1. Give the residues of the range 75-111 that are assigned to a helix (DSSP H, G or I) and modelled with pLDDT under 95, sorted by residue number.
2. Just to be sure I understand, how many residues within the range 43-72 are farther than 17 Å from Val156 by Cβ and either part of a helix (DSSP H, G or I) or at pLDDT 95 or above (or both)?
3. Scan (1) at pLDDT 90 or above; (2) in a helix (DSSP H, G or I) for the single condition Cys126 breaks and write down its number.
4. Of all residues being among the hydrophobic types (A, V, I, L, M, F, W, C) and over 21 Å from the mean Cα position of the chain (by Cα) in the range 165-187, which is nearest to Val54 (Cα to Cα)? Just the residue, please.
5. List the number of the failed condition for Phe183; all other conditions in (1) touching a Lys or Arg at 6+ places or on another chain (Cβ under 9 Å); (2) modelled with pLDDT of 95 or more hold.
6. Out of (1) surrounded by 14 or more Cβ atoms within 10 Å (Cβ to Cβ); (2) at pLDDT 95 or above, the odd one out for Glu177 is which?
7. Looking at (1) within 12 Å of the chain's Cα centre (by Cα); (2) over 16 Å from Cys158 (Cβ atoms); (3) among the β-branched types (Val, Ile, Thr), which is the only condition Ile82 fails?
8. Is at least one residue of the range 96-116 among the polar types (S, T, N, Q), surrounded by 15 or more Cβ atoms within 10 Å (Cβ to Cβ) and closer than 19 Å to Trp148 by Cα?
Amino acid sequence: MDIIYATPLNGIGEDLLCWESPSNHKYAVKRYYRSLSPRSSISFSWKPIRKVKVPPRVAFLSWTVTLGKVPTIDNLRKRGLIIQEWCCMCKRSGESVDHLFLHCSVAIELWSMVFGMFGVHWVMPCTVMDLFCTWLGQRGQHSSLLIWKMIPHCLVWCIWVERNSRHFEDSERSIPELKLFFFHILFDWVLGLGAFLFIPSRN
């Protein structure tokens, strides 16, 4: 509304309905809304996620998480559901996409384990989209590239499965059990491709 009110009017002549579009599309509320909305500074493509050798449902979850569309507590509240804003993983903060998958103390434990295995010093980005945008470039030429590309998908999948187990099945894994669960899933994916799992030595 600030943009509309800030537009100067000359006050001369009869009012007319006018829609200027560089693509010559007809007026639509959706297009008008997009023209007023700020454009994202990050351009994110589905292709890098789709090309990773993970199960399709996992790739789809990663994509929806990246777009912030999974039904976390904050998203459910935005849709009008009356529900307590509480992260069932750390039991300390509200649940948002970026908190659940990146900044929750449980998620941090899992990410730290991965970075330790690969000897990577990584500053965790603010958003999941930033994470996926920068992930491949960190070790693009590493001999364990196959596993490296799978890791964010596997962690996102494990965290989401555990989150749903706690919400709907009243079942909770400990941190060591979650780490074993992560390795079990990752090993299954790699072995399913007939690939040899190699974790680089830090020595």
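1. Correct list: Asn75, Leu76, Arg77, Lys78.
2. Residues flagged as farther than 17 Å from Val156 by Cβ and either part of a helix (DSSP H, G or I) or at pLDDT 95 or above (or both) within the range 43-72 amount to 1.
3. (2)
4. Applying the filter and picking the extreme gives Phe187.
5. Of everything listed in (1) touching a Lys or Arg at 6+ places or on another chain (Cβ under 9 Å); (2) modelled with pLDDT of 95 or more, Phe183 misses just condition (1).
6. The one condition Glu177 does not meet is (1).
7. The number of the failed condition is (1).
8. No, there is no match, as no residue in the range 96-116 is among the polar types (S, T, N, Q), surrounded by 15 or more Cβ atoms within 10 Å (Cβ to Cβ) and closer than 19 Å to Trp148 by Cα.
The values are calculated or read from the model by the stated rules, or taken from the named source; none is laboratory data. Quick caveat: nothing in here was measured; it's all calculated off a predicted structure. Reconstructed Cβ throughout: ideal geometry from the backbone, glycine too, with neighbour counts over all protein chains shown.
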